[in-house]
Amino acid sequence: MKKIILLLTTFLSVAVMQAQNNQPTPQVNVTGTSEIKIVPNYAVITIGVETKNDKAEVAKNENDAVVAKMLKTIKKFKIEDKHFQTQRVNLFKNRDYEKKRDFYQANQTVKIELYNLDKYDELVGALIADGANSIQGVEYKSTETEKYQAELRKKAALNAKAKAEDFASAFGQKVGKALVISDNSSTNFNPPMYAKMNLEMADASGSTLAVGEITLNANVSISFELL
């Protein structure tokens, strides 16, 4: 009889402990943010040329000739080979519905990392002279982005903890350890003066460069234990 009582007592004790362990941990879920604006120190320029001709071979050859000139010009500006590349090479048949005739269209772009922003207008002007007739995009970046990200993440985490403590104090509780941390950070590049345009419009006097700022931010979601 004593053994049966002992077994029942042990069983009940284990059941109670399991029930306690299965109870959800009290917690508070918050987000934390931090932000900084910095001036970019280089630009990524995607500039290209479009050629049209009734013959596919002629359209492609004319396009290649312009790009060859552009590459020579880029090298004259002492831009390293690793900082520029050709991309988006296209050749396709199209139709002029007004004139009711078919033609071939060749497109090619060159992506350039320009670290001397003072040379921007001079470089773009030289490429236009070579035959470039479109800018696909200008994106401003900074070589110091990583330098700021670690500190931003720490500040975002502290911001989240401060919010959690505010909520917890309202109910007479305290914040414990972090249970789950999710990083939702991103980098926003403010738009340039123009992101895409026909270079026939770029013959106005004065600089066409508007660098602006890069907004770096850290955004974290954290679940804290409540004590």
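In table form, for the structure just shown:
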item	result
Order of Thr145, Thr73 - criterion: other Cβ atoms within 10 Å of each residue's Cβ, fewest first	Thr145, Thr73
Sum of side-chain charges, Ile214 neighbourhood, beta-carbon under 12 Å (Lys, Arg +1; Asp, Glu -1)	-2
Entries in Lys82/Lys155; Lys111/Lys155; Lys37/Lys119 that, when Cα-Cα distance is taken, lie over 29 Å	Lys82/Lys155; Lys111/Lys155
Cα-based reach from Lys174 at 15 Å (exclusive), listing aspartates and glutamates while leaving out same-chain residues under 8 positions away	Glu165, Asp166, Glu225
All lysines inside 18 Å of Lys60 as judged from Cα atoms, apart from same-chain residues fewer than 8 positions distant	Lys52, Lys69, Lys93
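Values in this text are rule-based calculations from the coordinates and carry no lab data. Because the structure is a prediction, the values reported are computed rather than measured. Here Cβ is always computed from backbone atoms with ideal geometry, including for glycine, and neighbour counts include all displayed protein chains.
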